1. State the number of residues belonging to segment 68-89 that are free of Cβ contacts under 8 Å to residues at least 40 places away in the same chain and in contact with a Pro (Cβ under 7 Å, 6 or more places away or on another chain).
2. I'd like the full set of residues that are outside any strand (DSSP E or B), exposed (fewer than 12 other Cβ atoms within 10 Å of the Cβ) and touching a Lys or Arg at 6+ places or on another chain (Cβ under 7 Å), limited to segment 34-58.
3. Does segment 73-84 contain any residue that is out of contact with any strand residue (DSSP E or B) (no Cβ under 6 Å at 6 or more places or on another chain), under 14 Å from Leu108 (Cβ atoms), assigned to a loop (DSSP other than H, G, I, E, B) and of a type in the set (D, E, K, R)?
4. Considering only residues that are more than 19 Å from Glu14 (Cβ to Cβ) and in contact (Cβ under 8 Å) with a residue 12 or more places away in the chain, look in segment 100-111 and name the one that is nearest to the chain's Cα centre (by Cα).
5. Just to verify a result, which residue in segment 62-86, among those that are of a type outside the set (D, E, K, R) and within 9 Å of the chain's Cα centre (by Cα), is surrounded by the most Cβ atoms within 10 Å (Cβ to Cβ)?
6. Counting only residues that are part of a loop (DSSP other than H, G, I, E, B) and farther than 23 Å from Ile76 by Cα, which one in segment 3-33 is modelled with the highest pLDDT?
7. Looking at segment 10-60 only, could you name the residues that are within 17 Å of His94 (Cβ to Cβ), touching a residue at least 40 places away in the same chain (Cβ under 8 Å) and in contact with a strand residue (DSSP E or B) (Cβ under 8 Å, 6 or more places away or on another chain)?
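The values are calculated or read from the model by the stated rules, or taken from the named source; none is laboratory data. What you see is a predicted model; the values in this text were computed from it and never measured. Neighbour counts are summed over all protein chains in view; Cβ atoms, including those assigned to glycine, are modelled from backbone coordinates with ideal geometry.
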Amino acid sequence: MGENKIYDTSAVIEVIKRGTRQRIAFISVLTAVEYPPALHYAEVVLYPMKKDYALAIAWQTELRIRGVPLPATDLIIAAQAVNNDMILVTMDKHFKILRDVVAKDLKLGTL
């Protein structure tokens, strides 16, 4: 495996659309719920832990104060990335907003 990256739903869909046989090291179970075919590409499925939910809640609290709430699923996946010191591979602009506003330690990557 060796790749310290977690792929969100948008990135998984893009990998599949490109028709590559690329294996994806990590996805969140939330990605599998949103897009079940992701399970055929993922080597490991991560389940959120209490600390992931706590971080997502803290971020959403601050985002709401600033008037830019984001989807809960995105926040939990981002929290999993931060708490596991992973790069979050995404095509979704929500994550850049999250990083720029409250999650300075969120590492983002693209395909």
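1. 0
2. Result: no residue meets the conditions.
3. no
4. In this case the residue turns out to be Leu106.
5. Among those residues, the one meeting the criterion is Ala81.
6. Arg18
7. Hits for segment 10-60 are Ala11, Ser28, Thr31.
A quick yes/no check of all residues on (1) over 16 Å from Phe26 (Cβ atoms); (2) modelled with pLDDT of 95 or more; (3) not hydrophobic (A, V, I, L, M, F, W, C):
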residue	(1), (2), (3)
Gln60	yes, yes, yes
Leu63	yes, yes, no
Ala72	yes, yes, no
Ala81	no, yes, no
Asp85	no, yes, yes
Asp92	yes, no, yes
Val102	yes, yes, no
Leu108	no, yes, no
Leu111	no, no, no
